[in-house]
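Peer 1: Handing you a structure now.
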Amino acid sequence: MPLLEVRNLEKNYKDGDTETPALRGVSFTIESGEFLAIMGPSGSGKSTLLHILGLLDKQSSGEYLFDKKGWDDYEEDEISHIRNKKMGFVFQAFNLLPRTTVFENVELPLLYSDVPESSWKKRTLDAIEAVGLSHRAYYESSQLSGGERQRVAIARALVRDPQIIFADEPTGNLDSKSGGVIMKILRELNESQNHTIVLITHETYTAEHTKRIIRLMDGKMVSDEPVQKRRSINDHNLK
């Protein structure tokens with residue numbers, strides 16, 4: 001059974017009497033354990049699609065099912081619970097709290113969870129270890145490089161053991177070597193721990209680390225194909 005199902009998805013934005021289509025008839029499924037990229041140039045609809053998949057916005061028409069249920073099948077507080085517990089988000093801008101340690105940033109989602117407090121420290125340290133930053137656990141985020149900050153953001157997304165991780169242009173603010181390290185971490189999370197990962201990117205050389213690429217253009221899905229020749233997991237240079 002697919003983890004995500006998208007059926008004839010449409011999203012329109014209204015500005016007065018003007019209606020602008022952002023997504024037009026998009027359909028696909030994502031199985032648990034997949035690692036795929038959603039690609040497209042600026043304005044193609046990929047960010048809009050990410051917001052709908054992450055239950056941050058609702059489609060205008062069509063159907064989106066997460067774990068066999070659609071938006072209207074959930075109460076509003078249930079949607080917040082799913083986003084917080086079953087989904088992890090990694091953004092291009094890192095979104096870390098300044099003047100706080102790596103440990104505190106990663107622990108933050110647990111403060112708003114039903115996870116027993118007695119397990120917070122272990123969960124936090126395990127997530128930090130998973131991205132190779134145990135030696136930086138008590139450094140402030142301002143003391144880290146851009147690549148290290150993005151690794152903290154991945155650890156924060158991991159700490160609640162979500163069913164799916166959405167990574168929105170996670171290498172966009174990084175040099176090619178740091179970006180390659182981030183892609184290696186995401187691949188290992190998928191291959192070793194079976195995390196489902198959806199990567200949003202406009203970069204072909206980043207998408208080639210995944211197993212499947214969905215391409216959007218002008219709000220329409222133009223292709224959905226497996227990656228024929230994946231980049232080596234040891235290729236730390238994206239370009």
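Peer 1: Taking only pairs six or more apart or across chains, which ones have beta-carbon atoms under 9 Å, a first residue in the range 87-112 that is touching a residue at least 60 places away in the same chain (Cβ under 8 Å), and a second residue that is open to solvent by 40 Å² or more (accessible area, probe 1.4 Å) and assigned to a loop (DSSP other than H, G, I, E, B)?
Peer 2: Met87/Gln163; Gly88/Asp161; Gly88/Gln163; Phe89/Leu56; Phe89/Asn95; Gln92/Asn173; Ala93/Asn173; Phe94/Asn173
Peer 1: Could I ask something else about it? Is it true that Gly88 is more than 27 Å from Leu3 (Cα to Cα) and of a type outside the set (Ser, Thr, Tyr)? Full working, then the answer.
Peer 2: Values: more than 27 Å from Leu3 (Cα to Cα): no; of a type outside the set (Ser, Thr, Tyr): yes.
No; evaluated as a whole, the condition is false for this residue.
Peer 1: When only residues in the range 113-145 that are touching a residue at least 40 places away in the same chain (Cβ under 8 Å) and not polar (S, T, N, Q) count, which is farthest from Glu78 (Cα to Cα)?
Peer 2: Going through the qualifying residues, I end up with Leu144.
Peer 1: Now for a different question. Which of the residues that make up the range 68-79 are open to solvent by 40 Å² or more (accessible area, probe 1.4 Å) and assigned to a helix (DSSP H, G or I)?
Peer 2: Selection gives Trp71, Asp72, Asp73, Glu76, Asp77, Glu78.
Peer 1: List the pairs whose first member sits in the range 15-37 and is closer than 15 Å to Phe66 by Cα, whose second member is charged (D, E, K, R) and open to solvent by less than 50 Å² (accessible area, probe 1.4 Å), and whose Cβ atoms are under 7 Å apart, counting only residues at least 6 apart or on separate chains?
Peer 2: Listed pairs, sorted by first residue: Thr29/Glu5; Glu34/Arg212.
Peer 1: How many residues, within the range 179-211, are out of contact with any Ser or Thr (no Cβ under 6 Å at 6 or more places or on another chain) and within 21 Å of Phe103 (Cα to Cα)?
Peer 2: 4
Peer 1: Which condition breaks for Ile52 when tested against (1) among the β-branched types (Val, Ile, Thr); (2) more than 18 Å from Ser223 (Cβ to Cβ); (3) open to solvent by 10 Å² or more (accessible area, probe 1.4 Å)?
Peer 2: (3)
Peer 1: Hey, does the range 90-97 have a residue that's over 30 Å from Ala130 (Cβ atoms) and open to solvent by 20 Å² or more (accessible area, probe 1.4 Å)?
Peer 2: No, the range 90-97 contains no residue that is over 30 Å from Ala130 (Cβ atoms) and open to solvent by 20 Å² or more (accessible area, probe 1.4 Å).
Peer 1: Here is a list: Gly62, Gly25. Which entry is surrounded by fewer than 16 Cβ atoms within 10 Å (Cβ to Cβ) and either out of contact with any Lys or Arg (no Cβ under 7 Å at 6 or more places or on another chain) or farther than 16 Å from Leu3 by Cα (or both)?
Peer 2: Selected residue: Gly25, the only one of Gly62, Gly25 that is surrounded by fewer than 16 Cβ atoms within 10 Å (Cβ to Cβ) and either out of contact with any Lys or Arg (no Cβ under 7 Å at 6 or more places or on another chain) or farther than 16 Å from Leu3 by Cα (or both).
Peer 1: Restricting the search to the range 98-119, which residues are part of a helix (DSSP H, G or I), open to solvent by less than 40 Å² (accessible area, probe 1.4 Å) and among the hydrophobic types (A, V, I, L, M, F, W, C)?
Peer 2: Within the range 98-119, Val102, Phe103, Val106, Leu110 qualify.
Peer 1: Report whether or not Ser141 is touching a strand residue (DSSP E or B) at 6+ places or on another chain (Cβ under 8 Å) and within 26 Å of Thr201 (Cβ to Cβ).
Peer 2: Values: touching a strand residue (DSSP E or B) at 6+ places or on another chain (Cβ under 8 Å): yes; within 26 Å of Thr201 (Cβ to Cβ): yes.
The answer is yes for Ser141.
The values are calculated or read from the model by the stated rules, or taken from the named source; none is laboratory data. This is a predicted model, so every value here is computed, not measured. Glycine gets a Cβ as well: all are built from the backbone with ideal geometry, and neighbour counts include every protein chain shown. Please note that ligands, DNA and RNA were not included when accessible areas were found on the heavy atoms of the full protein model with its side chains. Shrake-Rupley method; radii C 1.70, N 1.55, O 1.52, S 1.80 Å.
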